[in-house]
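Please treat every number below as a calculation from the coordinates, not as lab data. In this text, all values refer to a predicted model and were calculated from it rather than measured experimentally. Positions of Cβ are backbone-derived with ideal geometry, glycine not excepted, and every protein chain shown enters the neighbour counts.
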Amino acid sequence: MKQATKFVHAGVEPDPSTGAIMTPIYQTSTYVQAAPGVNKGYEYARSQNPTRKALEDALAVIENAKYALAFSSGVAATDAVIKLLEPGNEVIAGNDMYGGTYRLFIKVFEKFGLKFHFVDMTSADNVSKYINENTKLIWIETPTNPLINIVDIAAVSAIAKKHKLLVAVDNTFATPYLQNPLDLGADIVMHSATKYLGGHSDIIQGSLMMNDHDLREKLYFIQKSCGAVPGPMDCFLMLRGLKTLHVRMDRHCHNGEKIAHFLRNHPKVGKVYWCGFEDSPGHAIAKKQMRAFGSMLSFTLKDDSVDEAKRLLSSTKLFALAESLGGVESLINHPATMTHASIPREERMKNGLTDSLIRLSVGIEDADDLIEDLKQAIG
Ligand SMILES: Cc1ncc(COP(=O)(O)O)c(C=O)c1O
């Protein structure tokens, strides 16, 4: 099946009881059993739910995976992956990634005896330097949030294979439409499905996709034991969102490209971070592992002051000032005080996440209207 067909049809069968083309919302906490242990494959809704099952089947198909698991949020999915580890284990992660992932690693898991190394992953060789006998997992985010750095998934996965390490990739920014990390050698794909997969800014949800059966069983055990599962209504909405991912992404990418070039040519704009520029540091790898360059971009102002950034952030009319990304509507964000506030300032500054950096999630409105909005806000 070609991608567009997959997104529309993935995982969904007509409902066996009525033929309903859309999977019903099975709003139930439990299932009646004919006799103890005799049931229809469903016992208790934390462990199994038919709407969630349809979603998990669909998520597996769109990421070219054998298995998928849905979670109540992106961080809950990440949390499940880290719970595969044991005290004393070490994780190598990027030095530029979503602030909530950093917070989960440092503030929640470090006290259980796990050690995290935050390193520049734009060079795969650099990752090798941090591998020792305690290393168990490499956590990749690419493109990164918010500096749109690119990590070579195939190169890092090849290094990991040599050392028998797991590789997990946060594929939130790229989506399965633009990038499939399992095909490049990764073991686990993680999504904040809250973003492009849902696509309409109305659900918090996460997902994990994998090919290895044992790994699926371990992660399923964590999913049902820890209980961070999404409700059936949210699974239904997510299934609906997936059906249009490819058409939304085409428009996101088209608008992202137009806005990236507009910003780059604006006399008051400093640096623009977008992996589609031919001279951007990660462009060659992005071209190799992605089908297009997405609609997430960040920029600084030549007047590199927080006050000027704050003025701009409060002046847009179409770009809404809000956390999150990947919805049909365009959002503008100030990572230093919003999405990445949990990263200590000196840590942020070291990695290029300056106080005045502005991040855009370019939506699917008319690109010319979005450009006009930015023009008037930059002034
Ligand atoms: C790249 C990335 N990964 C993970 C997350 C966490 O996902 P959620 O907010 O669904 O828990 C986010 C949220 O912004 C994100 O941007």
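Once the other residues with Cβ under 10 Å from the Cβ of Ser330 are scored (Lys, Arg +1; Asp, Glu -1), what is the net sum? Charge balance in the 10 Å sphere: -4.
Assuming charge only on the beta carbon of Lys and Arg (+1) and of Asp and Glu (-1), the dipole of the range 83-153 about its Cα centre is about 360 debye to the nearest 20.
Under 1.5 on a/c is rounded, so check that first for the range 267-327, then, if it is not, pick prolate when a/b is larger than b/c and oblate when it is not; a ≥ b ≥ c are the square roots of the alpha carbon gyration tensor eigenvalues.
Working: a/c = 3.34, a/b = 1.59, b/c = 2.10.
In terms of gyration-tensor shape, oblate.
Each of Leu245, Ser225, Met190 was placed along the dipole of the range 174-275 (beta-carbon charges, centred on the mean Cα), and the one lying farthest toward the positive end is Leu245.
Dipole of the chain computed with +1 at Lys/Arg Cβ and -1 at Asp/Glu Cβ about the Cα centre; of Met338, Leu114, Ser361, farthest Cα towards the positive end is Leu114. Helix 367-378 axis versus longest C-alpha principal axis of the chain: approximately 50°, rounded to the nearest ten. Between helix 213-226 and the chain there is an angle of about 90 degrees, using the helix long axis and the longest principal axis of the Cα atoms. Using only the Cα atoms of the range 103-142, build the gyration tensor, take square roots of its eigenvalues as a ≥ b ≥ c, and label the shape rounded, prolate or oblate: rounded if a/c is under 1.5, else prolate if a/b is larger than b/c, else oblate. Oblate, since a/c reaches 1.5 and b/c is not below a/b. Filter the cross-link list Lys53/Lys136; Lys136/Lys224; Lys258/Lys317; Lys107/Lys195 down to pairs whose alpha-carbon distance in this structure exceeds 21 Å. In this structure, Lys53/Lys136; Lys136/Lys224; Lys107/Lys195 exceed 21 Å between Cα atoms. Secondary-structure-derived ellipticity at 222 nm for the chain, considering helices only, amounts to -10000 deg cm²/dmol, per-run term -39500 (n - 2.57) for DSSP H runs with n ≥ 4.
The distance from the alpha carbon centre of the range 121-186 to that of the range 57-120 is 12 Å, rounded to a whole number.
Between helix 245-264 and the chain there is an angle of about 20 degrees, using the helix long axis and the longest principal axis of the Cα atoms. Looking at Leu69, Val127, Gly94, which one has the Cα that reaches farthest to the positive end of the dipole of the range 48-138 (charges on Cβ: Lys, Arg +1; Asp, Glu -1)? Checked the options; the winner is Leu69.
Other residues lying with their Cβ under 14 Å from the Cβ of Gly227 contribute a combined charge of +3, Lys and Arg counting +1, Asp and Glu -1.
This model, with +1 at the C-beta of Lys and Arg and -1 at the C-beta of Asp and Glu, gives the chain a dipole about its Cα centre of some 420 debye.
Run the numbers on the range 27-153 and let me know its relative contact order in percent, using alpha-carbon pairs under 8 Å that are six or more apart.
Values: 148 pairs, mean separation 25.3, N = 127.
This gives 20 percent for the range 27-153.
Dipole magnitude for the range 136-228: about 260 debye, using +1 per Lys or Arg Cβ and -1 per Asp or Glu Cβ, origin at the Cα centre.
Computed over Cα pairs, the Kirkwood radius of the range 1-140 leads via Stokes-Einstein (0.890 mPa s, 25 °C) to a diffusion coefficient of 134 µm² per second.
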